[in-house]
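Engineer: Could you have a look at this structure, given as structure tokens, before my questions?
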Amino acid sequence: MKGQRYVLANFKMNKNTGEIKKWADQILQLLYKRHEKIRVRIGVAPSFPHILTAKSLFYGTDIMVGAQNMYYEEKGAFTGEVSVSQLKDIGVDFVIIGHSERRKIFKEDNELIEKKLISAIRYGIIPVLCIGETLEEREKGLTEKVIDEQLKAVEKIPDEMTEIDLVIAYEPVWAIGTGIPAKPDHIAEVINKIKNKLKNKFPKISVLYGGSIDENVAKEIRHVCDGGLVGSSSLDAQKFFKIAENFQT
Ligand code: 13P
């Protein structure tokens with residue numbers, strides 16, 4: 001058993017309904033123009049108000065639709081939050097958990113992220129757990145330590161849940177939105193460590209890379225990871241599609 005290859009678009013807080021329709025149209029046209037099936041699973045995570053629109057635009061296709069966040073409780077007095085069961089209700093396929101922007105701006109800690117991770121798994125939504133070190137941590141030689149700490153959430157997943165599709169996105173914070181992707185050697189080293197640590201417990205684990213991915217980066221790193229989580233380059237459908245094609249092995 002092996003993890004699948006994924007190329008996922010994280011739109012962050014971008015795009016309105018019209019722009020999403022145009023993006024979906026372009027992606028579908030590019031898909032239909034191909035002679036053979038693309039060998040990666042493509043997904044898109046728009047903002048909450050556009051998830052249902054994206055679901056209907058991609059209805060009947062293999063394109064996955066995800067959310068960028070969730071709350072772990074099923075329901076209750078949590079003003080402004082969207083629950084895991086509400087995401088399940090509208091057919092969300094995957095959910096990004098612990099993105100560095102949520103860790104930093106919204107002060108999410110490993111304890112909260114662990115609860116979200118386990119809750120997503122219980123509801124059968126593929127979790128895309130984001131981990132990665134800051135520049136300061138990297139410069140202090142703390143990359144491995146930080147990642148080990150962030151992966152404790154995964155180690156706490158109960159044994160009866162380990163047959164799931166588990167997606168980890170290694171996104172070094174210093175590479176996000178900077179135009180400076182991590183070097184392939186660095187990505188390979190970190191991703192191998194993550195896989196060696198987790199592959200026995202999670203046979204269907206996929207480890208993606210994220211941080212300033214463009215089409216060249218995708219080509220360069222396709223053999224060292226199982227795909228990518230793409231931010232700014234995903235906003236342009238043509239660029240995103242090229243990235244997805246270049247991640248095929
Ligand atoms: P960029 O591709 O814009 O660097 O963003 C990466 C990211 O944060 C994906 O989750």
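Engineer: Contact list please: Cβ distance under 8 Å, first residue in the stretch 149-175 and without any contact (Cβ under 8 Å) to a residue 12 or more places away in the chain, second residue in a helix (DSSP H, G or I) and within 16 Å of the ligand (Cβ to nearest atom), pairs at least six apart or on different chains.
Structural biologist: So the pair list comes out empty.
Engineer: Something else now. So Tyr59 ticks every box in (1) loosely packed, with under 14 Cβ neighbours inside 10 Å; (2) in contact with a helix residue (DSSP H, G or I) (Cβ under 9 Å, 6 or more places away or on another chain) but one. Which box is left unticked?
Structural biologist: Every condition holds for Tyr59 apart from (2).
Engineer: Could you run through the stretch 158-180 and say how many residues are in a helix (DSSP H, G or I) and surrounded by 18 or more Cβ atoms within 10 Å (Cβ to Cβ)?
Structural biologist: First, pick out the residues of the stretch 158-180 that are in a helix (DSSP H, G or I): 159-161, 173-175.
Next, only the ones that are surrounded by 18 or more Cβ atoms within 10 Å (Cβ to Cβ) stay: 173-175.
Of the residues in the stretch 158-180, 3 are in a helix (DSSP H, G or I) and surrounded by 18 or more Cβ atoms within 10 Å (Cβ to Cβ).
Engineer: For Phe48, work out the one condition from (1) open to solvent by less than 20 Å² (accessible area, probe 1.4 Å); (2) within 17 Å of the chain's Cα centre (by Cα) it doesn't fulfil.
Structural biologist: (1)
Engineer: In addition: Which one of Lys183, Lys145, Lys193 is more than 16 Å from the ligand (Cβ to nearest atom), surrounded by fewer than 17 Cβ atoms within 10 Å (Cβ to Cβ) and of a type in the set (Lys, Arg)?
Structural biologist: From the options Lys183, Lys145, Lys193, the qualifying one is Lys145.
Engineer: Which of the residues that make up the stretch 198-225 are open to solvent by less than 20 Å² (accessible area, probe 1.4 Å), more than 15 Å from the ligand (Cβ to nearest atom) and assigned to a helix (DSSP H, G or I)?
Structural biologist: Across the stretch 198-225, the qualifying residue is only Leu198.
Engineer: Could you check how many residues of the stretch 126-157 are touching a Pro at 6+ places or on another chain (Cβ under 6 Å) and assigned to a helix (DSSP H, G or I)?
Structural biologist: 0
Engineer: I'd like to know if the stretch 226-246 contains one or more residues that are in contact with a Pro (Cβ under 6 Å, 6 or more places away or on another chain) and either more than 14 Å from the ligand (Cβ to nearest atom) or part of a loop (DSSP other than H, G, I, E, B) (or both).
Structural biologist: no
Engineer: Check whether at least one residue in the stretch 160-167 is within 16 Å of the ligand (Cβ to nearest atom) and among the polar types (S, T, N, Q), and report yes or no.
Structural biologist: Let us first name the residues in the stretch 160-167 that are within 16 Å of the ligand (Cβ to nearest atom), namely 167.
Now restrict to residues that are among the polar types (S, T, N, Q): none.
No, the stretch 160-167 contains no residue that is within 16 Å of the ligand (Cβ to nearest atom) and among the polar types (S, T, N, Q).
Engineer: Answer yes if at least one residue in the stretch 132-152 is at pLDDT 95 or above and touching a His at 6+ places or on another chain (Cβ under 6 Å), and no otherwise.
Structural biologist: The answer is no; no qualifying residue exists.
Engineer: Filter the stretch 62-78 for residues that are of a type in the set (A, V, I, L, M, F, W, C) and open to solvent by 30 Å² or more (accessible area, probe 1.4 Å); which is farthest from His99 (Cα to Cα)? First the steps, then the outcome.
Structural biologist: Keep residues of the stretch 62-78 that are of a type in the set (A, V, I, L, M, F, W, C), which gives 63-65, 67, 70, 77-78.
Restricting the remaining residues to those that are open to solvent by 30 Å² or more (accessible area, probe 1.4 Å) gives 77-78.
Numbers: Ala77: 24, Phe78: 20 Å.
Within the stretch 62-78, the match that is farthest from His99 (Cα to Cα) is Ala77.
Engineer: Does any residue of the stretch 106-125 turn out to be in contact with a strand residue (DSSP E or B) (Cβ under 6 Å, 6 or more places away or on another chain), open to solvent by less than 40 Å² (accessible area, probe 1.4 Å) and not in a helix (DSSP H, G or I)?
Structural biologist: Yes: the stretch 106-125 contains one or more residues that are in contact with a strand residue (DSSP E or B) (Cβ under 6 Å, 6 or more places away or on another chain), open to solvent by less than 40 Å² (accessible area, probe 1.4 Å) and not in a helix (DSSP H, G or I).
The values are calculated or read from the model by the stated rules, or taken from the named source; none is laboratory data. For clarity, every value in this text was computed on a predicted model and none was experimentally measured. Glycine also receives a Cβ, built like all others from the backbone with ideal geometry; neighbour counts cover every protein chain displayed. Areas reflect the complete protein model, heavy atoms only, side chains present, ligands, DNA and RNA absent. Shrake-Rupley method; radii C 1.70, N 1.55, O 1.52, S 1.80 Å.
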